[in-house]
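**Q** Quick one: this structure, given as structure tokens, is what I'll be asking you about.
Please treat every number below as a calculation from the coordinates, not as lab data. Note that this is a predicted model, so its numbers are computed, not measured. Ideal geometry is used to build each Cβ from the backbone, glycine not excepted, and the neighbour counts take in all protein chains shown.
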Amino acid sequence: MKNIIRLTGFIGIALVIGFFTTGCKTIDSGEGNKLAAPKNVKIEINARQMVITWDAVPNALGYEIITTSENCGSGNRTINTKDNTASAPNGSNVLAGGRNPAAANGMVQIHARNKVEITLMPEWNIPGDNQSGRNESKIMATSVTVKVKALGGVRGFTDSDFSNIFTHNIAD
């Protein structure tokens with residue numbers, strides 16, 4: 001009789017464990033929970049300010065933005081709105097604030113999760129203008145590109161692929 005009670009107890013414990021392990025929904029980290037790539041990525045340039053915007057992605061915790069610029073390094077940046085970081089290719093911090101003023105060449109401002117701004121470098125020593133300094137009305141870069149990725153990490157959502165690469169040619 002004692003053995004039957006013990007066996008029934010073991011079976012009961014096994015059933016309870018089995019019920020809880022099979023009855024719980026597991027989070028699938030596969031493609032089904034992959035965030036959509038950001039859409040409607042736009043680059044606007046006003047004087048030296050390059051403003052990048054895109055449509056917010058549901059369930060994204062932030063975004064990774066990679067920008068490049070032709071003929072000028074001030075637009076080559078990697079920005080993460082989730083971690084509130086911005087860096088140049090050499091790894092230096094280029095996030096505006098503190099000792100880094102927003103108007104300095106290559107500085108990044110994160111205005112929102114889906115809006116960032118980069119201050120581009122002005123052109124120097126324009127041939128024929130007899131200037132030895134900067135021309136604040138013209139930027140050095142001839143074109144800029146951007147791609148954006150939505151960052152997951154909550155409720156089982158994984159990072160999206162990068163958006164299409166968007167290019168903005170800068171008129172003379």
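**Q** Using a Förster distance of 41 Å, how high is the FRET efficiency between residue 92 and residue 11, based on the Cβ-Cβ distance and rounded to 0.05?
**A** With a Förster radius of 41 Å, E is 0.05.
**Q** Related question: Under a 5 Å amide H to amide H cut-off, with H placed in plane at 1.01 Å, what residues pair with residue 76 once short-range neighbours are removed?
**A** Those qualifying (amide H under 5 Å, at least 5 residues apart or on another chain) are 69.
**Q** So how much slack lies between residue 70 and residue 112, counting 0.36 nm per residue of separation and subtracting their Cα-Cα distance, in nm?
**A** Numbers: separation 42, 0.36 × 42 = 15.12 nm, distance 2.59 nm.
Result: 12.5 nm gained on full extension.
**Q** Taking 0.36 nm per residue of sequence separation and subtracting the Cα-Cα distance, how much length would be gained by fully extending the chain between residue 154 and residue 39, in nm to one decimal? Numbers along the way, then the final one.
**A** On the way: separation 115, 0.36 × 115 = 41.40 nm, distance 2.07 nm.
Fully extending the segment from residue 154 to residue 39 adds 39.3 nm.
**Q** While we're looking at this one, here's another question. Looking at 73, 92, 154, which one has the Cα that reaches farthest to the positive end of the dipole of the range 31-169 (charges on Cβ: Lys, Arg +1; Asp, Glu -1)?
**A** Towards the positive end, the residue furthest out is 154.
**Q** Just want to confirm a number: the relative contact order over the range 31-169, from Cα pairs under 8 angstrom separated by 6+ residues, in percent.
**A** It comes to 32 percent, rounded to a whole number.
**Q** How large is the dipole of the range 31-169 about the Cα centre if only Lys and Arg carry +1 and Asp and Glu carry -1, each at its Cβ, rounded to the nearest 20 debye?
**A** Taking the Cα centre of the range 31-169 as origin, the dipole is about 280 debye.
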